[in-house]
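Readers should treat all values here as calculations from the given coordinates under stated rules, not as data from a laboratory. The shown structure was predicted, so the numbers you read here are calculated from the model rather than taken from an experiment. Here Cβ is always computed from backbone atoms with ideal geometry, including for glycine, and neighbour counts include all displayed protein chains.
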Amino acid sequence: MSILRMKIIVLLDRLKKVTAVADELDLKQPTVSFHMKKMEEEWGIPLFEMKTGKVLLTEAGKTLHHYAQQIDHIYGEAQTRLQTLRQTGKNQFIIGCTDLAASLMLLSGGFRLSQV
């Protein structure tokens, strides 16, 4: 599963049209359709359904969308941080914990509260 495919799922949920997603990503419509088909083959379950000219996510698609949003967000954040690093020319890279990462760690039990 590629970052592009995660982005396609996120955009399909928002835009509901393959052509709109293709325009947003500066791709051709058949390319987006190809990736949609490959995702369904890869996961072995229908992820999309067509209704009244719109593309809707199936239950499996909605489940994948949940993770795709997080991946897309974290990838975008990494791009922004690295672009800032390139622009400033500084050789330091500060690693922090994003709100999303902190929430995920808290929910998964990654943090333990301690009393001092």
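Can you compute the FRET efficiency between residue 66 and residue 34 using 1/(1 + (r/R0)^6), with r the Cβ-Cβ distance and R0 = 25 Å? Round to the nearest 0.05. E(calc), rounded to 0.05, equals 0.60. The aspartates and glutamates whose alpha-carbon is closer than 17 Å to the alpha-carbon of residue 38, local same-chain residues fewer than 8 away aside, are 49.
How big is the charge dipole of the stretch 27-68 about its Cα centre, in debye rounded to the nearest 20, if each Lys and Arg gets +1 on its Cβ and each Asp and Glu gets -1 on its Cβ? Could the numbers behind the result be given before it?
Details: 6 positive and 5 negative charges, 46 e Å.
Here the stretch 27-68 has a charge dipole of around 220 debye.
By a straight-distance test (C-alpha under 12 Å), which aspartates and glutamates pair with residue 54 as possible cross-link partners, with residues fewer than eight away in the same chain excluded? Correct list for residue 54: 13.
By average Cβ neighbour count within 10 Å, what is the ranking of 76-89, 59-72 from highest down?
Details: 76-89: 10.8, 59-72: 16.1.
Result, highest mean Cβ count within 10 Å first: 59-72, 76-89.
Could you calculate the FRET efficiency of residue 58 with residue 26 from 1/(1 + (r/R0)^6), where r is the beta carbon distance between them and R0 is 22 Å, rounded to 0.05? Computed FRET efficiency for residue 58 and residue 26 comes out at 0.25.
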